[in-house]
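Rule-based calculations on the coordinates, nothing more; no lab input. All figures in this text were calculated on a predicted structure; none of them were measured in a lab. No Cβ is skipped: glycine too gets one built from the backbone with ideal geometry, and neighbour counts run over all protein chains shown.
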């Protein structure tokens, strides 16, 4: 496998070029990006630097990629990294700092030329700083151990980006230009500059049991397809990609890393039907299940992909069998039966009913249901003293709840614990009648790793840490944990309603789900186009609360009663607050780059829990019409672009 350059020096020749020079090996071919033309050139060995070039004070630890915004193309480089551990004799880093370099000489990232460019740059920065991005220069962090072993003989002469799992190569879209140049011109092989980055988690810890030195590793890989936030990316798309898809791999290394390696993989993802939860400022959004003509085909595509990649799989569904979640459960079961996918087994477990009153130990009921399949499907076991693996994992458990976060975390950690116990017994590290619960150090690290892993996935999707992590950390539910869950639930509500639209825009921008097109009207990003009647009530509410506080705290200058004063301001506050909730859908922070108009105003067959927060009259209808008009204009512009480009989709 060909590694990526570890460190680069950046030389800037005024407004002409950026030149990246590898620190080692000495004499390696440097890379020049011409700012005016945008050309990218891999220089001949020992090419001298421009005479006027000045070296940047920062060391570059990798090129994250290139992105085009409204006014310029930009190079994103990693300028800070944190060593998170070692695996297979390779370092794993987390990216911590970045620089954004504009190609357009007339554009500054510190003082953008206009508000639109400033907004787009802010989206890029927020995504980079809010994500957890991991990379390695010589080990494929995007693929599980079994997948790496299965292609070992073919991977020897390939570059790191060529063998990376397309789903988990998070910044592949941003490296499109580098990949295109490399693929079309053998002399311009930019592979040493293409750094695959994984969005997910990575944790590895040493553990000792008796005379055995172990290393326990847990990592998750987040798919770049249908990526986004909790309420703005749900369900499946026409290609079979589901929201919040994560592959979680638990690795056990015994002795030297070239010795015994064991790997166990689980996956999670949104329920693979067309469904959504439409925010209306209510704590429970409107649940919507859409009966589209290709629902079965989309589910079949998703399950076929997971079947091809992982083998047999059990679909563990943890949603409630009654109440709010029931329609999603019924839609899943209905379309799964129609899809008739081989080697896929549906397993329902009513988590809340089985584990109510904090009886979390009853998750063992689910393990008992899965035990036969877990034994049959096994895990990956490689011993360096043997030419072939001792075992292969020929199946996987796919777990989901509504968000694929809290209940899913509890279930997956319980399955992982059962498997780890089985692995240690198979290796005879512990006896058949023993249990890992008897080893405090191992149990503590296992729980901490899974709790941290749960929090990271939850932050990426919902904006807060996971719920129920007190059970993951301690093995029991606590009242302190309940209070923490209550706090996280409140924060989730605020973020999901008032901040996630911008965060979703950042996901769409950085993964290539959206890019600037001809005819795009950038003012929609920065101009509030809602009617004045909609925009005014929050200000009236705020001013009314201010006047009420002023009346209660400021010194009295008159003996007259303040009754009518308070009645007026309380009345205005109440009316404005009621207006906001009646028109709640107008006050949600919706994505602007890819509006969800077709979902919000879906009128086709299916299930809808209600039509809350859509107002009582003209203002909403006006906004709805404007939204449809904007969506139509975007679709028309996209079709024109497709005609000009000769393609329907931008190729990764």
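The table below gives the values:
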{"quantity": "Mean Cα-pair separation over length for the chain, i.e. relative contact order, pairs under 8 Å, 6 or more apart, %", "calculated": "12 percent"}
{"quantity": "Backbone N within region 284-308 under 19 Å of label point (7 Å from residue 238 Cα along the Cβ vector)", "calculated": "290-305"}
{"quantity": "C-alpha center-to-center spacing [region 259-303, region 88-113] in angstrom", "calculated": "33 Å"}
{"quantity": "Full-stretch length increase - residue 368, residue 46 - with 0.36 nm per residue and alpha-carbon distance subtracted", "calculated": "109.5 nm"}
{"quantity": "Cα-based Rg / Dmax (Å) for region 86-172", "calculated": "17.6, 52"}
{"quantity": "Separation of the residue 608 and residue 353 label points, Cα + 7 Å toward Cβ, nm", "calculated": "2.9 nm"}
{"quantity": "Highest-first arrangement of 13-19, 370-376, 286-292, where packing means the average Cβ count within 10 Å", "calculated": "286-292, 13-19, 370-376"}
{"quantity": "MRE, 222 nm, helices only [DSSP H, n ≥ 4, -39500 (n - 2.57), over the chain, to nearest 500]", "calculated": "-12000 deg cm²/dmol"}
{"quantity": "For peptides 606-613, 173-180, 498-505, sequence by mean Cβ density within 10 Å, most packed first", "calculated": "498-505, 173-180, 606-613"}
{"quantity": "Fraction in percent of alpha-carbon pairs per bin - 5 Å, region 245-285", "calculated": "6, 16, 13, 12, 13, 9, 8, 7, 6, 6, 5, 0"}
{"quantity": "Values of log10 I(q)/I(0), in the order q = 0.10, 0.11, 0.12 Å⁻¹, for region 202-433 under a Debye, Cα-only, solvent-free model", "calculated": "-0.50, -0.60, -0.70"}
{"quantity": "D_trans [Stokes-Einstein, Kirkwood Rh over alpha-carbon pairs] for region 158-309, 20 °C, 1.002 mPa s, µm² s⁻¹", "calculated": "116 µm²/s"}
{"quantity": "Spin-label model distance (nm) - residue 256 vs residue 118, 7 Å beyond Cα toward Cβ", "calculated": "6.0 nm"}
{"quantity": "Over region 8-193, equivalent-ellipsoid semi-axes from the Cα gyration tensor in Å", "calculated": "28, 21, 16"}
{"quantity": "Quarter of Cα convex hull surface for region 181-271, i.e. mean projection, nm²", "calculated": "9.8 nm²"}
{"quantity": "Mean Cα-pair separation over length for region 362-420, i.e. relative contact order, pairs under 8 Å, 6 or more apart, %", "calculated": "30 percent"}
{"quantity": "Prolate/oblate/rounded call for region 369-454, Cα gyration tensor, a/c under 1.5 rounded", "calculated": "oblate"}
